[in-house]
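Taking it in order: structure first as structure tokens, then the write-up.
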Amino acid sequence: MTHPITGCDYADHVSWAIHIGNIWPSNNFGLSLTSHNPNPSAPPPSDPKSPSYPYPTESCESSFDEYVLHILFDPSNKTSVDAKTSMLQTLGRMFPDIVKNGELFAIEDDPYAYMKGTSPFVTGQVQIRVSSTAVERVLPWVMENRPIEVDLLFAPDGSCMFRDYFVRSMYFGNSIPFNEFGLSNDNLNSILEFDAGALTSDNAEEELEGETPIVKFDEASEDSACTKSPWSGYLLYVLYPPNNAWASAAVENFLQKFADFFELDRKECAIDYPVPKQSPQRLCMMNEVLEPFLNPADPMVTSYANVFLPASNLTEVLAWTLDNKTPTAVGYGLDVWLVPLCNCIEGFTQFAVKSGADWPLNKFALQNLFVGRQSDS
């Protein structure tokens, strides 16, 4: 990282720095101690993870009946456009029952979203509505079958668009910046006014019959070690820099709230570190690791806590997590990953769904971990 020295430490390191290779998150707490923040005990408003960040005034719901899945694509790249089209069509084929029931439907295909000042997107995008009752089936398939030529955004519909997208959303692939102006309350109605799209037809399965997907989703060979979805469980990671006091306090707050809400004991299932060989059969709080970077076998490179999440708890726990990882809920925004237990590296890379920073991984440890697992099977 190269950065200017202007006397504005936060801007020098966060806003104006030039990165080569991985973008490592900064310790914003450390930056505040050497800047002009009048209250180092609280993150400054310039930090997007701060509760005092200038969010628009909104009234947010804490439970979600519906989610929005966006396929983000490059309209100038035929491969990306074809991947978007193929994914949309195949999604309709895979779940004809929930499409017919109105639990899954496309409402907008807008390749020129990036040209509209009222759009929150800086790419082309397809908007798909997913009922909370369909999340347990749809999300694993999307995690496993997303073409690498597109990125995805998954956001709750909590009636507060800025926070739903900017704070409570998760991404698949690359984290694409938002047009924050497009997330303002004034633009909410224009974004949500839509016409029914490709997946809403009662005859969707018949209409798509015989069409060959342009992109082959299952690129893995028959002897691939990856367990196919739907998976029996997931690891929910909460990641944070150990020297950021705001993040450390927020993680402690989050974990205790999680334990209290779900009536669990912290570190009850701290077994088979760093990744369990045999999954617990119930929702269970696992490891709290301060210095994984000192363990050459741990694929994580920053502090974390993780929870084993059975597939049957996916919808409930994911909704609670997205609502309670926010700055207003725990005092500082947290980074969260959802990693499927699929017995292969792709669980931490291609298949993982993330909210917040895209932390680098110890790829050597990750490779050795699953090579060992596969040789044992």
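Under the 0.36 nm per residue contour assumption, what length would be gained going from the current alpha-carbon distance of Glu291 and Asp260 to full extension? If you can, show how the numbers build up before the last one.
Numbers: separation 31, 0.36 × 31 = 11.16 nm, distance 2.55 nm.
Roughly 8.6 nm would be gained on extension.
Think of it this way: in the chain, Cys8, Cys342 stand alone, with no other Cys Cβ under 4.7 Å. Probing with 1.4 Å while keeping every protein chain in the model, the per residue accessible area of the range 248-377 equals 40 Å².
By the gyration tensor of its Cα atoms, with a ≥ b ≥ c the square roots of the eigenvalues, what is the shape of the range 43-122: rounded for a/c under 1.5, prolate for a/b over b/c, or oblate?
Values: a/c = 2.84, a/b = 1.47, b/c = 1.94.
Oblate, because a/c is 1.5 or more while a/b does not exceed b/c.
Annotation: lysines with alpha-carbon distance below 23 angstrom to Lys100 (same-chain offsets under eight excluded): Lys84. Candidate cross-link partners of Lys363 among the lysines, defined by an alpha-carbon separation under 28 Å and a same-chain spacing of 8 or more, comprise Lys49, Lys216, Lys228, Lys267, Lys277, Lys325, Lys354.
Positive end of the dipole of the chain (Cβ unit charges, origin at the Cα centre): among Phe181, Ile107, Asn243, the Cα lying farthest that way belongs to Asn243.
Rounded to the nearest 20 debye, what is the charge dipole size of the chain about its Cα centre when +1 sits on each Lys and Arg Cβ and -1 on each Asp and Glu Cβ? Display every interim value, and only then the final one.
Values: 22 positive and 49 negative charges, 212 e Å.
It works out to roughly 1020 debye.
Peptides 155-164, 16-25, ordered by how many other C-beta atoms sit within 10 Å of their residues on average, highest first, read 155-164, 16-25.
Once you list every other residue whose beta carbon is under 11 Å from the beta carbon of Glu252, what net charge do they have if Lys and Arg are +1 and Asp and Glu are -1? Walk me through the numbers on the way to the answer.
Values: positive: Lys257, Arg266; negative: Glu288.
Cβ neighbours under 11 Å give a net charge of +1.
Label zone of Arg282 (point 7 Å out along Cα→Cβ, amide N under 18 Å): in the range 244-261 this covers 258-261.
From the gyration tensor of the Cα coordinates in the range 271-377, what semi-axes in whole Å does the equivalent ellipsoid have, largest first, with each one equal to sqrt(5λ)?
Numbers: eigenvalues 109, 59, 32 Å².
So the equivalent ellipsoid measures 23, 17, 13 Å along its semi-axes.
Only helices enter this figure: runs of n ≥ 4 DSSP H residues, each worth -39500 (n - 2.57), summed and divided by the residues of the chain, yield -7500 deg cm²/dmol at 222 nm to the nearest 500.
On average, how much area does the Cα convex hull of the range 8-148 cover when viewed from any direction, in nm²?
Numbers: hull surface 48.7 nm².
Spelled out: convex hull of the Cα atoms, projected over all directions, averaged, 12.2 nm².
In the range 262-369, what trypsin sites (Lys or Arg not before Pro) fall in a loop by DSSP, with at most 11 other Cβ atoms inside 10 Å? Don't skip to the answer; put the middle values down first.
On the way: sites: Arg266, Lys267, Lys277, Arg282, Lys325, Lys354, Lys363; in loops: Arg266, Lys267, Lys277, Arg282, Lys325.
Passing sites in the range 262-369 are Lys277.
Distance between the 7 Å Cα→Cβ label points at Met115 and Lys363: 3.8 nm.
On a full-extension model of 0.36 nm per residue, what is the gain between Lys78 and Phe181, subtracting their alpha-carbon distance, rounded to one decimal in nm?
Working it through step by step, the gained length comes to 34.2 nm.
Placing R0 at 30 angstrom, the Cβ-Cβ distance between Lys267 and Ser41 gives a FRET efficiency of 0.60 after rounding to 0.05.
The values are calculated or read from the model by the stated rules, or taken from the named source; none is laboratory data. Quick caveat, the model's predicted, so the values are computed rather than measured. Note that we place each Cβ from the backbone using ideal geometry, even for glycine, and neighbour counts take in every protein chain shown. These area figures cover heavy atoms from the full protein model, side chains too; ligands, DNA and RNA do not enter into them. Shrake-Rupley method; radii C 1.70, N 1.55, O 1.52, S 1.80 Å.
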